[in-house]
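Take a look at the structure set out below.
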Amino acid sequence: MSETPGQDTYDYDLFVIGAGSGGVRASRIAASHGARVAVAEEYRVGGTCVIRGCVPKKLLVYGSSFAHELRDTARFGWTLGDMRFDWGALRDFVAGDVDRLERAYLATLENNKVEHFAERATVIGPHAVKLASGREISAKVILVAVGAWPVRPAFPGNEHCITSNEVFSLPTLPERVMIQGAGYIAMEFACIFNALGCHVTVANRSDQILRGYDEALRDRLLQITMARGIDYRFNSPIESVEKQADGKLRVVTRDREPCHADVVLVATGRRPKTDGLGLENAGITLGAHGEVPVDASNVTACPSIYAVGDVTDRVQLTPVAIREGHAFADTVFGGNPRTIDYADIPSAVFSQPPMAGVGLTERQAREQFREIRVFTADFRPMKNMFADDAERGLYKLVIDGPTDRVLGVHMIGPEAPEILQAAAIAVKAGLTKADFDATMALHPSMAEELVLMR
Ligand code: NDP
């Protein structure tokens, strides 16, 4: 490395720390704009989403949801033979798919001539990083895309608990699972384990699940999951976990009888993974949650260092990180400066049944707008009706009274995320309730409820 490199004497034009969704997209696009790019990754290429998040989680959702589907098969004329579930088989097939995707990500880097360092990198100056092996490298621009890491709440015995990082490699399917938290990860895994036949208890510090989602939908999910057998302990976070001689865990939650579990999963949020990253060496002060503060163009307090994705703690979602990484690369290396529009980002909880939403919830709309109209469709999907399944779907449209604009669409029911993605286009485009009403129903479907609410 040169001591004081000039503009053209840097080792690379761009050095990316972290090969997750944001980092890989930024690397690939910057390289396509002609930049000399390197990326350092201390673990596996692909990041949280691919390696230990969205992708393997969704496969477990598919795997576990067969239980519900299979239960209904007789009604549809099928007689099935002896059925067994093999956790080890599902776990290993999922792990194999993660390996496949990691290879695809590695190939993307290689095909775009992005140099990959399979080791940790820290920042030692505005234009310099140091690899774990001791090598120092200079770069005109550094991009921090190291993501976030599960928070492990502090209570005695928390070392006996697992996080979402470890949940994909459990040696056996636990009989009893205790989950701390009632957010995305807690609810998704509560439903996965419940469907697979485990006894699941969700313990949360507050009296609600999925803060931020529409209240009516959250209530519906609570009712359905309770009917499916999930136990809840509200206002009752874990106070201690003790490992007993037989290996079982004795769990004490606030104001409740102690209970026993084979596995305790803590899912209480994810914190930017900035510890020991060395950003102070470039004059960057971290935020209160360890996040890297950036402006709309993803620039930090140091003009040569940028950050995208979960490490900035703006919106912790994969598609957002990817767009931020892409916009960064276009802005800095493609002569096409642009920023991300964070309004109306659709999101989903892959619970069983799933929930999805875009735009304002009824509560948010009432806070921000003077006159709101709300339409709901509370219906029993045709398939549930036929299979004698009492579970009902609930869709909700939140409308601005004076302009008729659709401010929010919220749904719980089978395939809600698949349906919501299309509805999100309508919300983003600023369409009105009259536009929804003018659209012919597609019959018979669940989605037709969206255009039949009167
Ligand atoms: P969430 O922020 O979704 O939920 C955190 C949960 O933990 C809440 O129930 C919260 O309680 C509780 N909690 C927070 N802090 C503490 C604490 N110190 N002690 C006890 N309980 C606590 O976090 P997750 O870990 O579930 O997920 C992290 C992020 O990952 C999500 O915010 C999301 O952005 C992303 N993600 C997205 C998914 C998707 O898009 N489908 C799936 C999985 C993750 P309360 O709020 O009730 O007070």
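The values are calculated or read from the model by the stated rules, or taken from the named source; none is laboratory data. This one's a predicted model, so the numbers in the text were calculated from it and none came from an experiment. Cβ placement follows ideal geometry from the backbone for every residue including glycine, while neighbour counts extend to all protein chains displayed. Note: areas computed on protein heavy atoms with side chains; ligands, DNA, RNA excluded. Shrake-Rupley method; radii C 1.70, N 1.55, O 1.52, S 1.80 Å.
Things to note:
- Count of residues meeting criterion [more than 17 Å from Pro337 (Cβ to Cβ) and of a type outside the set (D, E, K, R)] in the stretch 290-299: 3
- Sub-7 Å Cβ pairs linking a first residue in the stretch 351-364 that is of a type outside the set (Gly, Ala, Ser) to a second residue that is part of a helix (DSSP H, G or I) and open to solvent by 20 Å² or more (accessible area, probe 1.4 Å), at least 6 apart or interchain, are Gln352/Ser65; Gln352/His68; Gln352/Ala195; Pro354/Pro417; Leu360/Gln368; Arg363/Glu215, ordered by first then second residue.
- When the criteria are applied in full, Ala422 fails the requirement of being buried (at least 19 other Cβ atoms within 10 Å of the Cβ) and either under 24 Å from the mean Cα position of the chain (by Cα) or within 30 Å of Ala67 (Cα to Cα) (or both).
- For the stretch 305-325, filtering for residues that are within 10 Å of the ligand (Cβ to nearest atom), out of contact with any Lys or Arg (no Cβ under 9 Å at 6 or more places or on another chain) and part of a helix (DSSP H, G or I) leaves 2.
- Any hit, the stretch 249-272, residues being touching a Leu at 6+ places or on another chain (Cβ under 6 Å) and in contact (Cβ under 8 Å) with a residue 40 or more places away in the chain: yes
- Spans of strands (runs of 3 or more DSSP E) in the stretch 331-379 with at least 2 residues within 16 Å of the ligand (Cβ to nearest atom) and open to solvent by 30 Å² or more (accessible area, probe 1.4 Å): none
- Some residue of the stretch 89-97 being more than 16 Å from the ligand (Cβ to nearest atom), in a strand (DSSP E or B), farther than 26 Å from Leu317 by Cβ and not charged (D, E, K, R): no
- Within the stretch 183-220, tally of residues that are open to solvent by less than 20 Å² (accessible area, probe 1.4 Å), within 8 Å of the ligand (Cβ to nearest atom), touching a residue at least 40 places away in the same chain (Cβ under 8 Å) and among the hydrophobic types (A, V, I, L, M, F, W, C): 3
- Complete set of residues in the stretch 112-131 that are surrounded by fewer than 20 Cβ atoms within 10 Å (Cβ to Cβ) and not in a strand (DSSP E or B): Asn112, Lys113, Ala118, Glu119, Arg120, Pro126
- Options Gly430, Gly413: the member that is on the phi > 0 side of the Ramachandran plot and buried (at least 22 other Cβ atoms within 10 Å of the Cβ): Gly413
- Matching residues, the stretch 149-170, being within 21 Å of Val61 (Cβ to Cβ) and touching a residue at least 24 places away in the same chain (Cβ under 8 Å): Pro150, Ile162, Thr163, Ser164, Asn165, Val167, Phe168, Ser169, Leu170
- Any hit, the stretch 316-330, residues being loosely packed, with under 14 Cβ neighbours inside 10 Å, modelled with pLDDT of 95 or more and within 30 Å of Arg405 (Cα to Cα): no
- Against the test of being open to solvent by less than 30 Å² (accessible area, probe 1.4 Å) and within 24 Å of Ser27 (Cα to Cα), the options Ser297, Ser304 yield a single qualifying residue, Ser304.
- Here Gly276, Gly287, Gly269, Gly283 are screened, and the one residue that is open to solvent by less than 50 Å² (accessible area, probe 1.4 Å) and at positive phi is Gly269.
- Conditions (1) open to solvent by 10 Å² or more (accessible area, probe 1.4 Å); (2) among the small types (Gly, Ala, Ser); (3) under 30 Å from Ala132 (Cβ atoms): number failed by Ser240: (3)
- Among the residues listed as Asp295, Asp313, the single one being over 26 Å from Ser138 (Cβ atoms), modelled with pLDDT of 95 or more and not basic (Lys, Arg): Asp313
- Residue satisfying condition, being more than 19 Å from the chain's Cα centre (by Cα) and either of a type in the set (A, V, I, L, M) or within 11 Å of the ligand (Cβ to nearest atom) (or both), within set Ala132, Ala148: Ala132
Every residue, every condition in (1) polar (S, T, N, Q); (2) under 18 Å from Arg44 (Cα atoms); (3) surrounded by 19 or more Cβ atoms within 10 Å (Cβ to Cβ), yes or no:
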{"site": "Ser133", "(1), (2), (3)": "yes, yes, no"}
{"site": "Glu136", "(1), (2), (3)": "no, no, no"}
{"site": "Val141", "(1), (2), (3)": "no, no, yes"}
{"site": "Ala148", "(1), (2), (3)": "no, yes, yes"}
{"site": "Ala154", "(1), (2), (3)": "no, no, no"}
{"site": "His160", "(1), (2), (3)": "no, no, no"}
{"site": "Thr172", "(1), (2), (3)": "yes, no, no"}
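- Candidates are the residues of the stretch 52-111 that are among the polar types (S, T, N, Q) and surrounded by fewer than 12 Cβ atoms within 10 Å (Cβ to Cβ); the one that is nearest to Gly147 (Cα to Cα) is Asn111.
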